[in-house]
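Since the structure comes first, as structure tokens, the remarks are kept for the end.
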Amino acid sequence: EAKLKVRDLAKLYGNVTALDHVSLDVQEGEFMTLLGPSGSGKTTLLQLISGLVHPSTGSVIIDGKDCTRAPIHTRDIGVVFQNYALFPHLTVSENVGFPLLMRKIAQKEIQRRVNEALEMVGLSHAEDRFPQQLSGGQQQRVALARCLVYKPAIILMDEPLGALDAKLRETMQIEIKRIHRETSTTMIFVTHDQEEALALSDRICLMEDGRIAQIGTPQEMYDRP
Ligand code: ADP
Ligand code: ADP
């Protein structure tokens with residue numbers, strides 16, 4: 001059975017249809033990219049999957065459980081945003097450990113898992129720094145570590161590399177790919193960059209006007225004669 005099932009999901013804002021009756025299956029361990037121009041509904045679909053926003057109609061099913069109305073913290077999901085959303089007054093370690101603190105995990109276990117997550121993103125040396133002392137790429141790594149630290153079943157990423165320059169984007173693509181391989185986490189990644197989608201994805205879901213225009217592997221979608 002699919003890890004995530006989206007069924008007939010729609011979201012209206014006034015008379016604007018942000019998402020227009022979308023159905024989608026994402027398999028366990030799959031790297032799925034939502035690709036499409038600005039305004040095509042990518043962020044809305046991600047927000048509905050995470051529970052940040054509630055749908056007008058339709059359902060979100062994770063591990064066979066209908067969680068359409070379940071609040072975000074009850075879903076086994078992690079989210080990484082383009083703007084990182086780090087706490088400026090907390091160190092790198094404290095930022096990464098924050099989700100575990102919220103889950104009332106013992107301090108010693110938090111330290112162990114923070115170290116593990118920072119190692120995963122190559123930032124062990126920066127644990128005592130503050131976000132504003134880091135580069136954009138490093139801040140994005142912290143945001144990723146903060147998500148990895150509680151081992152969510154599904155990680156959602158909304159244009160996580162959008163604020164980085166081309167060279168750094170490429171480095172981070174390789175890093176994300178490696179982390180996907182090493183953790184086997186189901187990942188849903190939003191971008192408007194076709195090259196990025198091709199480099200990262202098991203499957204690409206091409207969005208247009210709040211609908212899925214096309215879906216398939218990179219080969220199926222772009223290598224056909
Ligand atoms: P994308 O992520 O592909 O850029 P969005 O999901 O952000 O697309 O937006 C899809 C459409 O829904 C756009 O027309 C956008 O303006 C509209 N929209 C998204 N969120 C809101 C909101 N909170 N209020 C009003 N309209 C919204
Ligand atoms: P992206 O293009 O990366 O999807 P946007 O800048 O379109 O992001 O949207 C960022 C945030 O603003 C989202 O939370 C979205 O729901 C909200 N938003 C987008 N369009 C509108 C709108 N027309 N009115 C109000 N909020 C909106």
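Which members of region 154-201 meet the condition of being acidic (Asp, Glu), open to solvent by 20 Å² or more (accessible area, probe 1.4 Å) and either farther than 18 Å from residue 217 by Cβ or within 16 Å of ligand 1 (Cβ to nearest atom) (or both)?
From region 154-201, those acidic (Asp, Glu) are 158-159, 165, 170, 175, 182, 193, 195-196; that's our starting set.
When the remaining residues are screened for being open to solvent by 20 Å² or more (accessible area, probe 1.4 Å), the result is 158-159, 165, 170, 175, 182, 193, 195.
Scanning region 154-201 gives 158, 159, 165, 170, 175, 182, 193.
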Identify all residues within region 14-28 that are more than 8 Å from ligand 1 (Cβ to nearest atom) and either in contact with a Pro (Cβ under 8 Å, 6 or more places away or on another chain) or open to solvent by 20 Å² or more (accessible area, probe 1.4 Å) (or both); write none if there are none.
15, 20, 21, 23, 25, 27, 28
Out of (1) in contact (Cβ under 8 Å) with a residue 24 or more places away in the chain; (2) in contact with a strand residue (DSSP E or B) (Cβ under 9 Å, 6 or more places away or on another chain); (3) part of a loop (DSSP other than H, G, I, E, B), what's the single condition that is false for residue 44?
(3)
Kindly check whether there is at least one residue in region 82-89 that is surrounded by 15 or more Cβ atoms within 10 Å (Cβ to Cβ) and in a helix (DSSP H, G or I).
no
Per the list (1) surrounded by fewer than 20 Cβ atoms within 10 Å (Cβ to Cβ); (2) within 14 Å of ligand 2 (Cβ to nearest atom), residue check on residue 36 breaks on (1)
Filtered residues of region 48-71 (kept if open to solvent by 20 Å² or more (accessible area, probe 1.4 Å) and either more than 16 Å from ligand 1 (Cβ to nearest atom) or in contact with a His (Cβ under 9 Å, 6 or more places away or on another chain) (or both)):
57, 58, 59, 61, 63, 64, 65, 66, 69, 70, 71
I'm told residue 223 meets every condition in (1) open to solvent by less than 10 Å² (accessible area, probe 1.4 Å); (2) farther than 21 Å from residue 83 by Cβ except one. Can you identify the failing condition by its number?
(1)
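The values are calculated or read from the model by the stated rules, or taken from the named source; none is laboratory data. As the structure is a prediction and not an experimental result, all values here were calculated from the model. As a convention, Cβ positions derive from the backbone with ideal geometry for all residues, glycine included, and neighbour counts pool all protein chains shown. Ligands, DNA and RNA are excluded from the accessible area calculation, which covers all protein heavy atoms including side chains. Shrake-Rupley method; radii C 1.70, N 1.55, O 1.52, S 1.80 Å.
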